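Beneath this line is the structure, given in structure tokens, with notes to follow.
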Amino acid sequence: QVQLVESGGGLVQPGGSLRLSCAASGSIFSFATMGWYRQAPGKQRELVARIGNGGRTYYVDSVKGRFTISRDNAKEMVYLQMNSLKPEDTAVYSCNQILGSKDYWGQGTQVTVSS
């Protein structure tokens, strides 16, 4: 059974940084594509960043140059380093795993950017 557990969210001032972590278990992690999504109140969920099993990355335009996704296959972890945070980055951030035809979700972690 695949489990994804996020951590690292919280309250941060504009311009600050946070690092989100997602611990995965129950799958062949190194074969999976891992992603971070976010959903702000009243808005649709959007893909923030994705990293393939070969390490290729994708970022939504609004976070390019500020966020970095990385993975540690040995630890079965995926990270999202978020720098220069803006109030519009406030959302619930969720970890996603795609393996074959199936995808899995974590429970989400709240990120609030406010002074």
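The values are calculated or read from the model by the stated rules, or taken from the named source; none is laboratory data. Keep in mind that what you see is a predicted model, and the values were worked out from it rather than measured. Cβ: placed from backbone, ideal geometry, glycine included. Neighbour counts: every protein chain shown. The accessibility values were calculated without ligands, DNA or RNA, using every heavy atom of the protein model including side chains. Shrake-Rupley method; radii C 1.70, N 1.55, O 1.52, S 1.80 Å.
Observations on the structure shown:
- Qualifying residues in segment 57-78 (those that are outside any loop (DSSP other than H, G, I, E, B) and among the acidic types (D, E)) - the one surrounded by the fewest Cβ atoms within 10 Å (Cβ to Cβ): D61
- All positions within segment 4-27 that are open to solvent by 50 Å² or more (accessible area, probe 1.4 Å) and closer than 19 Å to L99 by Cα: V5, G26
Residue-wise test of (1) under 22 Å from G10 (Cβ atoms); (2) among the aliphatic types (A, V, I, L, M); (3) not in a helix (DSSP H, G or I).
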{"residue": "G35", "(1), (2), (3)": "yes, no, yes"}
{"residue": "R38", "(1), (2), (3)": "yes, no, yes"}
{"residue": "Q44", "(1), (2), (3)": "no, no, yes"}
{"residue": "G55", "(1), (2), (3)": "no, no, yes"}
{"residue": "L80", "(1), (2), (3)": "yes, yes, yes"}
{"residue": "S84", "(1), (2), (3)": "yes, no, yes"}
{"residue": "I98", "(1), (2), (3)": "no, yes, yes"}
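- Filtered residue count, segment 100-115, keeping only those that are closer than 22 Å to V2 by Cα and either assigned to a strand (DSSP E or B) or touching an Asp or Glu at 6+ places or on another chain (Cβ under 9 Å) (or both): 9
- Pick from segment 87-115, criterion under 15 Å from R50 (Cα atoms) and open to solvent by 70 Å² or more (accessible area, probe 1.4 Å), ranking: nearest to the chain's Cα centre (by Cα): W105
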